[in-house]
Structures are given as C-alpha cells and as structure tokens.
Amino acid sequence: MSPKILSIGELLVEVMRKRVGEGLSAPGDFAGPFPSGAPAIFIDAAARLGSQTGFTGVAGVDGFGDCIFERLKRDGVDLSHSRQVSGWTTGIAFVAYQNSGSREFIFHLAHSAAALLNEADVDWQYFSSASWVHLCGSSLAFSEDSRKACELAAWTCKSAGGKVSFDPNVRPELMGLDRLREICAPILEMTDLLLPSGQEAFFLTGIEDANRACESLVARGIPLVALKQGARGSTVFSPGVSRTVESIAVKEVDPTGAGDCYDAAFVTGLCAGWELSKTARFANITGAMAVTRLGPMEGAPLLDQVLEKMDRS
C-alpha cells in the first residue's frame, strides 16, 4: 500500500553529552549515536503510532547512515525513496545540555550527505498519492537544493488533492528573521496545518503575543494552527475558534524531538478523522511521553501506549 503520510528532509545522528552542564569545548563523555533529524523523527513517530509512512532523504554509506536506516525500517517507515551515497558522511549533531535548560549544538550538516537531497529525489507518483506531506523549517534552511525539493514535494502532494503540514523549526540566529520569513513564505501558502511554538509564531508574524500571532496566521488563510506550549499542552486555532487542551505530567529526560512527535500524532489523528480536541490530546500525550528517554526518537511511544494514557487521564 502507498504511504498515507510522507516526509522529506535531513537525516542525521545526534551524539550527546551525558552530563548536564558539560559543554562541547572540552573532552568528556558522550552518548549515542541516536538517529535524528526533525523530519525523520516525525516520520518515525508517525509509523510507531500506526500510520503508513514513507521518507525521502539522503545519508552516507557508513555506520551512522546504517543506524538511521535500520531504525526507520524497523519501525515500519518505507525508505524506497531514500538513498545512501558513498563519499559523503552522514550528518551529525553534537549536543550539550546546560544547567539553564538550554542546549548547545555543533552541526555537521551543510557539507554532509543530507545536503545532496534535491528535486530529482521527489518522485511525482509517490508524493501525489500521499494524503499528507510533512515539512520542517530546518529542511528549508541548510541547503538550497533541499529547500527546492521540499517545495516540490509539497506542491506535488497539494496539487493532487493531498494536504501539507509544516513545523517552522528554523533558528533565526543562523539566517536572520527576514530570510527565515522569505524561505517559509512559499510553504505557508500551501500549508493546511501549521505547528509552531510561541517563539516560532512570533518569528513568522512579528507579533509577540502567541495567541494573536496564531490568529493572524489563520486570518492569512492557514486553515489550522496548533500552538505547542510544552507542559501546558497546546492551543488549536481555526477560523473563528480556538481551544486549549491540557497535557499530562511527566519527568523530563530529553526534550529533543518532542515537538516532532507531537506533530506526528496530530497528523495521525487528523488522518483517523478524529475531532480536534481528541487529536490535540493525543498529540499532547505523545509529545509528553517522548521526553522521558534520552535520544530524539527513543521516547516516541507506540499507539497502544498513548491510547492507554488517554483512557487513564
């Protein structure tokens, strides 16, 4: 069967400091590699939640590439339109956690195999048969060819009657707000579901109040905006309507990937035809469970685990 949910973008592994407060400028212990990349975390989480999924991306012919491919295949992601290439190393992110709760990153991405993703990787039949294609702002930012491939994937799905979800997870410090808004604009024109944090809603609109920013995005023509609010849950905006849905309390171990898992659950709920409050609750619980283990994909729950939490709460 053709995948109902597709994603496209960067593939990388994360190598993390084991201890909080230990930076990346001195020798120390690391954990990993962990398979990662925002769109890859999304698609893996969607597969674990029972969706028919597929991914398009590029990794190297090396141990890190094998780490990613083996994980995605094990969880049921179709990789028939992804590739591993010789002569290019798989993307890497080194991560350290600060006592303040912030994170420090060193990326090897722009000159990795991930940067080889281009429009030729976008198979028309594959993307036109999907119900949803999910894009991440990070995939638009690290490579011009990757940005063009993402735009083509979204257009192909949309023009065939599918829908586009978009998480604008771009770091403005890497490119500036004007450039960020410029590269996101074509995707926003095609977006059916926008999944920002409050900071990202501000980056896109210039409006500091997150609720007002999301309302303005709906007014611009985006049918559905789901504002991720961490431990407080999320608020869903559609024309003339907003509703806030609570999350559950968990012990946080690693927040990396929680937003991508939330995204995956939200799209999965919409594919199942659930009403918005149930979909948001499902997404909140999935995102919360994702932070309970070290590694961006390691905490992504299975469908039965999330449904059990929903029944108990």
On the principal axes of its Cα set, how long, how wide and how thick is the range 1-159? Give whole Å, largest value first.
49, 32, 29
Set of lysines near LYS73 by C-alpha distance (under 23 Å), chain-local residues within fewer than 8 positions excluded
LYS4
Quick one: dipole size for the range 1-140, taken about the Cα centre, charges +1 on Lys/Arg Cβ and -1 on Asp/Glu Cβ, in debye to the nearest 20.
320 debye
Test of understanding: what is the full-extension gain from ARG243 to SER102, defined as 0.36 nm times their sequence separation minus their Cα-Cα distance?
47.9 nm
Value in Å of the Kirkwood radius, where the range 10-85 supplies the Cα pairs that are averaged
13.3 Å
5 Å binning of all Cα-Cα separations within the range 251-313, expressed as whole percents from 0 upward:
4, 22, 30, 25, 13, 5, 1
Dividing the alpha-carbon radius of gyration of the range 189-242 by 2.2 N^0.38 Å, where N counts its residues, gives 0.99
Globularity index of the range 88-232, i.e. its alpha-carbon radius of gyration over 2.2 N^0.38 Å:
1.10
Debye intensity ratio I(q)/I(0), log10, the range 120-178, q values 0.14, 0.17, 0.28, 0.29 Å⁻¹ (C-alpha model):
-0.40, -0.56, -1.11, -1.15
If you take the charge dipole of the range 13-93 about its Cα centre, with +1 on Lys and Arg Cβ and -1 on Asp and Glu Cβ, which of ALA26, ALA46, THR56 is farthest toward its positive end?
ALA46
Could you list log10 I(q)/I(0) for the chain at q = 0.10, 0.16 Å⁻¹, which the Debye formula gives when each Cα is one point scatterer?
-0.50, -1.42
For TRP88, TRP274, which order do you get if you count the other beta carbons within 10 Å of each Cβ and list the fewest first?
TRP274, TRP88
Given points 7 Å out from each Cα along the Cα-Cβ axis, report the LEU307 to ASN211 separation in nanometres with one decimal.
3.5 nm
Please state the equivalent ellipsoid semi-axes for the range 80-121: what are the square roots of 5 times the Cα gyration tensor eigenvalues, largest first, in whole Å?
29, 11, 8
Rank the residues MET310, MET190 as a footprinting-exposure proxy: fewest other Cβ atoms within 10 Å of their Cβ go first.
MET310, MET190
Using modelled amide H (1.01 Å from N, peptide plane; none on Pro or chain starts), what sits under 5 Å from the amide H of ARG293, excluding residues fewer than 5 places away?
VAL253, ASP254, GLY299
How large is ³J(HN,Hα), in whole Hz, for each residue of the range 65-76 in order, when computed from phi with the Karplus curve 6.51 cos²θ - 1.76 cosθ + 1.60 and θ = phi - 60°, using x for Gly and Pro?
x, 4, 4, 5, 4, 5, 5, 5, 5, 4, 8, x
Hey, what's the per residue convex hull volume over the C-alpha atoms of the range 163-301, in cubic angstrom?
105 Å³
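Coordinate-derived values only; no laboratory data. The model shown is predicted, which means the values in this text are computed figures rather than measured ones. Positions of Cβ are backbone-derived with ideal geometry, glycine not excepted, and every protein chain shown enters the neighbour counts.
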